[in-house]
1. Using the beta-carbon distance between residue 428 and residue 669 and R0 = 60 Å, what value does 1/(1 + (r/R0)^6) give for FRET efficiency, to the nearest 0.05?
2. Can you work out the FRET efficiency for the pair residue 68 and residue 3, with r the C-beta to C-beta distance and R0 = 22 Å, to the nearest 0.05?
3. Taking 7 Å along the Cα-to-C-beta vector as the label spot, tell me the residue 647-residue 13 distance in nanometres, rounded to one decimal.
4. Testing the spin-label approximation: label points 7 Å from Cα along Cα→Cβ at residue 550 and residue 354. State their distance in nm.
5. Please compute the length gained on full extension between residue 371 and residue 54, using 0.36 nm multiplied by the number of residues separating them and subtracting their Cα-Cα distance.
6. Count neighbours as other Cβ atoms within 10 Å of each site's Cβ, and list the GluC sites (Glu not before Pro) in the stretch 257-345 that are DSSP loop with at most 10 such neighbours.
7. Using 17 Å as the cut-off for backbone N distance, which residues of the stretch 389-433 belong to the label zone defined by a point 7 Å from the Cα of residue 579 along Cα→Cβ?
8. Quick one: if you stick a label point 7 Å off each Cα along the C-beta vector at residue 111 and residue 399, how many nm between them?
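Please treat every number below as a calculation from the coordinates, not as lab data. In this text the structure is predicted, and so the values were computed from the model without any measurement. Glycine gets a Cβ as well: all are built from the backbone with ideal geometry, and neighbour counts include every protein chain shown.
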Amino acid sequence: MADPSSYRPKPGQIPDSPGVYKFRDEHGRVIYVGKAKSLRQRLASYFQDLAGLHPRTRTMVTTAAAVEWTVVSTEVEALQLEYTWIKEFDPRFNVKYRDDKSYPYLAVTLNEEFPRVQVMRGAKKKGVRYFGPYGHAWAIRETVDLMLRVFPVRTCSAGVFKRSAQIGRPCLLGYIGKCSAPCVGRVSAEEHRELAEEFCDFMAGRTGAYLRRLERGMQEAAEEMEYERAARLRDDIGALKRAMEKSAVVLADATDADLIAVSEDEFEAAVQIFHVRGGRVRGQRGWVTDKVEAVTTGDLVEHALQQLYGEERGDAVPKEVLVPALPEPVEPVAQWLSDRRGSQVSLRIPQRGDKKDLMATVGRNAQQALALHKTKRASDLTTRSRALEEIAEALGLDSVPLRIECFDISHLQGDDVVASMVVFEDGLARKSEYRRFQIKGRVGDEQVWHGQGQDDVRSMHEVIARRFRRYLQEKQRSGEWTEEPAGDAPVEAGAPGETHGPGETDAPVEPGAGRPVDEDGRPKRFAYPPQLVVVDGGAPQVAAARRALDELGIDDVAVCGLAKRLEEVWLPGDDDPVVLPRSSEGLYLLQRVRDEAHRFALRYQRTKRGKRLKASPLDAVSGLGETRRQALLKHFGSLKKLRAATVDEICEVPGVGRKTAETVAAALAGAAPSAPAVNTATGEIIEDDGAPPAALSAERGQER
């Protein structure tokens, strides 16, 4: 715990002007970002008597070891820089709102020649018009199904659209009148775009004028005794009205506004947002956050506005934003919103009438969201705490393992050997920390085996050694540890073959407290040690993992293995396993960790195997891209025929010059033909040897 006086700036160093400041801990990671109208006054408030500070603020200043600041011209610039730094550094003491799920949007891809209506999740794309968010994807599909009768906009994928254009026949929606079929030229690109823009106008709330136009058309058709057209327009009006009924009118003056409500207690806060367009609720979303700093309701509102509009521009920011409390000061925030919209934005508290009543409704939703979150979290925290305690007791650990890393080896009969590392913190998967390894059969610079056969034990020794060698390297760089690592192998510079694991879920990932970072404040890789290493396997794998740690001189990390057959837990040096009860929460957690490591390793191994099976001698030809490779195979029909072709014959392929043809011929001449392909259904040997499986599949598909 640091003494704030040890890093307090000297008197007169801090400027009396607007700016943004960062607190860093002893490892250099950014733990808090804030803005101030006067940096001098704001920072001075942190260096008072600790007894007078809020408990969370006191924890922050005693965790920090340094403070920095950047001077800006205006408070609006400070607001924008604060948002940018919070997004970049993800400080642990800042309020961070996180969605409890990925909300679906109704999207219209106006950036395409033929705009498409579809359901979209995730990050917003440029040139796409979004409506929502909606609570459920089926609600979007019901609305779209009703509106396609009036606005027959394309909803098919690019593949279906291209296929229909090739065969000259529209899909089913084109035949039943729910698509204008631009794929076969029933409407031009301009006419289809006009339909898409009318669809967007209706979804944006401009419904009255369009309905009146349809009603006039229906009356005119009836007067002219065109009863079929009048009946069709009548049905169109009914469909649009049913679509409008799905979002009830809440504000009679056709207001475009976002209403934000906050429900909070001492430790947590829930935020609910209603998106009102044209007087109707078009979308709803919510967040729950831990209050890791001393904040007021106005501060929570300001953070919510940053989260909501930080990446938005134009009409995505409404003309009016209604909140339960105003940030202090309110002018920079209102100006920031206006700059993002490009016109004036009203940020205020509703005082009377329908808007105040609707704000009360949003507030009730926030209260219910906080209560539901607390109920779920209390149950989840109790279960996870019990699981970690049971693991610590069964393995004889001094404390509960807050960070668990699990390793698994995957291969197919000794080929494409890979390993995975998954991380669980506080009993929850932390997918941003997953890593995967290609097993090379090396420890340091010494070749110890050749990766032949099913040698999971040596693979486990290698991957554990590589992971913790990187840990010692990062520790040595940061100055936390100055001795040379134990063992004969030198510290690896890059641990070849390891890659990041992707974040595979819509759920956001919380930053782990205490994780070392680079000089700019970003987390380092492999720098945060686990309290427990779990390996997928029995006594041999556990012994290999323990031996790797002992060779590196690491004795403060526990190791265990979980064998699949009887779900036994093995400890290093023990002749008998630890048997946890089948109903044990600790066993359930270990199983989840092991299964996740197995899933992650298997997925990587299948990816590598698929790439290897599709490999071709043409892949190694410099300057030959995918398009020309396919053109060569299509022209000659197989790799065998291409290998037998002359340079002049290869030059006949469109796009292939003589120099490239000579390179291709030389590459194929030096490559040994592969084994004949076999039809697994019939056992027949396919004589077209040397062709890659992908090419053979394409040929067989063409033959069928």
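1. Computed FRET efficiency for residue 428 and residue 669: 0.60.
2. That gives a FRET efficiency of 0.75.
3. It is 7.1 nm.
4. For residue 550 paired with residue 354, the spin-label model returns 7.7 nm.
5. 111.6 nm
6. Of the GluC sites (Glu not before Pro), the ones in loops of the stretch 257-345 whose Cβ has at most 10 other Cβ atoms within 10 Å are 266.
7. Under cut-off, by backbone N: 394-395.
8. Result for the modelled spin labels: 4.7 nm.
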